[in-house]
Structures are given as structure tokens and as C-alpha cells.
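The values are calculated or read from the model by the stated rules, or taken from the named source; none is laboratory data. This is a predicted model, so every value here is computed, not measured. Note that each Cβ is placed from the backbone with ideal geometry, even for glycine, and that neighbours are counted across all protein chains shown.
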């Protein structure tokens, strides 16, 4: 006989509508009610212990209840929790803007990112970049112009109407099509399922054995050239550098990003880097130039015109986001009051002091040699442990960048045959992992592992072992 639901679980079922969740299924089972966390460990209301294997939906960098971030928030609380950024400045936000500019330009070339617009989450960071790019283009190309935007197929950039319009996941967006403006899409470099990859499946990351002639970049350049011939160039190209997140953790082969961004620049397009998921060291530390990287684009020396960050900005503590841009963009919005060239956009909690204080503490941790060294060591362990998953027949592709991994499940790895989405192949594996004390969330048929940076090697081994055991339980070979 099932145990009665805890009171909090009953309240959840009665009143809470969860995101990206089929609530009919949700209401048929007892939810995991999380009440406490420390480091990479979470506890639920019944006292059960779990490892946080996706950093609480890709946000938590340093673990839960980190003493340095806790102390920074508490210190700020003794001063003031929030004041408006409309007509007033504050110390934590000003200092944070300076730090973000410093790390965004580290080891990079022009254009320098010098201005920071704060908002609340990843969607709003993208929305800010979109509106700025749209109006900047109209002011520089003429008010009669109708700026267009180019994105990658499979892209997800958020849930505000502008961000949804830029996204290219039809399953998420078709319900709102009547609300959206049209954006164009080009193929992402999905090596595992690329129609131009002539290689037969192997037990390795598809990027390492692909056989192609960079047809994806050729088609990208053709799309830009066609727009130029029509005299309708794209105002902006939006991309997630190094790895597309909600598309299914799709990594880009080395060299792809510099090729396409150079082509976009040559055709007059602004570059909008969505580093909401990839930012703050998620995709690795070292760069080609030897500099330590906190942003994915820095790995290949690509500097955007707009850099959008959120999720890990506060270390996963508070909702906060930022959009960084250049003096050139900023200058287009300067003028006499009567010209009304102001950027007419804002948020009530822009530059919130508590979020800024948490962010400064997080950046301080990220900048320490100890933290960098620990991340490098953990990345190596991650690579070693993940390699054991190739022995699991239902694993088709395994893609890793830094401390992010996507494990794609297939019915037959020799043919790349997928499981139909309706079978919930990934979701059922995650449910089996939860029973083993490891929490994560699938993207369709892809299991995501994204551990906090404080995760121990023993905890990392438990996470990967739970993946292997759960796949073999749900999809026996």
C-alpha cells in the first residue's frame, strides 16, 4: 500500500504548474520534494539522498550552500536587498559589470565588450540582445529596413516571444507560431546525424571519426550569399558556442565556429553568442591561445557583438542575467532627450544587489588557481569514466565538452536507429537513475550529465555508474 503523500507534495499537486512537464503524468506519482542541499548532494522531504547530476538544471556551479556565496549574500542583506536601477546605481552591480567586462575580453580581440545590461534570466538576456540588434540595424541601415535573424536548427534560446522566435525546436514552438516573427535557420554541425557524414558508426564521439568536406559551413555561406543577392542581409546570427544545449547537447567540431562567424561578419551580420548554458567554465578551461577561458567562444578566439549570460552567473543561487555589448552598439542609443533614442526596455529587478553579490563571489571562486586546477582534474576523470559507457549497447553517441556530457540513446548503435520520442526512452532512464540516488533530466533521447564543480571523483563515478546501470535496466542490450 503506498504511503500517504507529504503535505508539501499535496500542495504541489493541488496548485503548482511545472515547466515543460505533462501534468497529467506528474499528478499520478509522488514528486521528489527537495528540501536541503550541500555541495553536490540534495536531500528530499523523506530524508533520501541524491547526487545533483545536472547542477539543478545547469545553473549550480560550486555546489549547494557554498560558504563563500552564502556569506556574500548575507553580508549584502545587512545593507540592502534591492533598489531600482531606473535612475539609481548600486555598488554590487557596478562592480559585477566591471568584472564581466574584464573576463569577457580576456585574450580576445575586437570588438571589445564594454557595456552590460542586466536582466533576470536567459530568455531576457537574449531578448535584450535581439531588441538592441534590431534597433541598431534600423538606425545604421535605415529605419525602413526590416532586420532578419539567422539561427541554427534545433536551437533553443528561451521562452519570451522574441527568444522563441529565434528558436528552432518545432516541438516547443509550434503552439505559439501565430505570435512569432519569422527567423531563418541553417543546419547545425550535428556530426552524429549529419547527412554529409559518410562514416559508419563507431564506438566513439562522432566528431572524431567523421568523414565530410565541411558541407555544413558551405551551406551556411550559401545562405548568407543568397541573402546578400536579395539585398536582405541578416542583422544577426545567434548561436550557442561549442555546444547546443536543449538541442540535445550537440557539440561543434573544432574549427566550425571560427568559419561560420567569420562568414557572418563578412556579410555584415552581428554575432549574438548565447552562453546561458555554456558560460562560466562549463565547456572547459584551456584555450587554443593558452588563456584560461570562462566563456565557450574564447576556446576558438571568437568574440561576439553580444554576449548573453545567465544560469551560472550567480553560481546558481538567484535569477540574474546580463547582456554584454560594444561601444558601437551603445553609441547608437545616445542622443538628446528629445530625440528619444533611449533603449526602451527594462526589468524591475535589473542589477539586483543580492544577485550581484552572489555573482561576484562566484567569479572570485572561478578565478582562483585552486578552482581552475580542480575543474581540469575533474574533466579528466569525467572523460575516463564516460568512456566506459561505450560498452552499453543502447549508447549511440557520447559527446563531452568540459564538464558537460550528452549520452544519446538509440535502439541500434550500428544503424543509429532512434527511439520514438513517445516512448520516453530518456525520461525512463532518468527515473531509474533517481531510484539509484542520482538526479538529472533528459532531452528527448539524450541523458545529460553536468556535475557541479565541487563534485568529488567518487561522486562522479557514482553518477556515470548510475547512467550505465539505468540504461541497461530500461533498455537491455
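Some observations on this one:
- Set side by side, the residues 396, 477 differ, and just one is under 30 Å from residue 200 (Cα atoms), modelled with pLDDT under 95 and more than 21 Å from the chain's Cα centre (by Cα), which is 477.
- The range 337-363, residues that are in contact with a strand residue (DSSP E or B) (Cβ under 9 Å, 6 or more places away or on another chain) and either outside the structural domain of residue 85 (by TED's automatic domain parsing) or not in a helix (DSSP H, G or I) (or both): 343, 345, 346, 347, 349, 350, 351, 352
- Failed item in (1) at pLDDT 95 or above; (2) in contact with a helix residue (DSSP H, G or I) (Cβ under 9 Å, 6 or more places away or on another chain); (3) surrounded by fewer than 21 Cβ atoms within 10 Å (Cβ to Cβ), with residue 407 passing the rest: (3)
- With respect to the conditions (1) under 30 Å from residue 132 (Cα atoms); (2) touching a helix residue (DSSP H, G or I) at 6+ places or on another chain (Cβ under 8 Å); (3) modelled with pLDDT of 95 or more, residue 348 falls short on a single one, namely (2).
- When we screen 218, 178 for residues that are modelled with pLDDT under 95, in a helix (DSSP H, G or I) and farther than 22 Å from residue 248 by Cα, the only hit is 178.
- Cβ pairs under 6 Å, 6+ apart, first in the range 375-397 and closer than 18 Å to residue 409 by Cβ, second in a loop (DSSP other than H, G, I, E, B): 390/203; 393/477; 394/475; 396/413; 396/416
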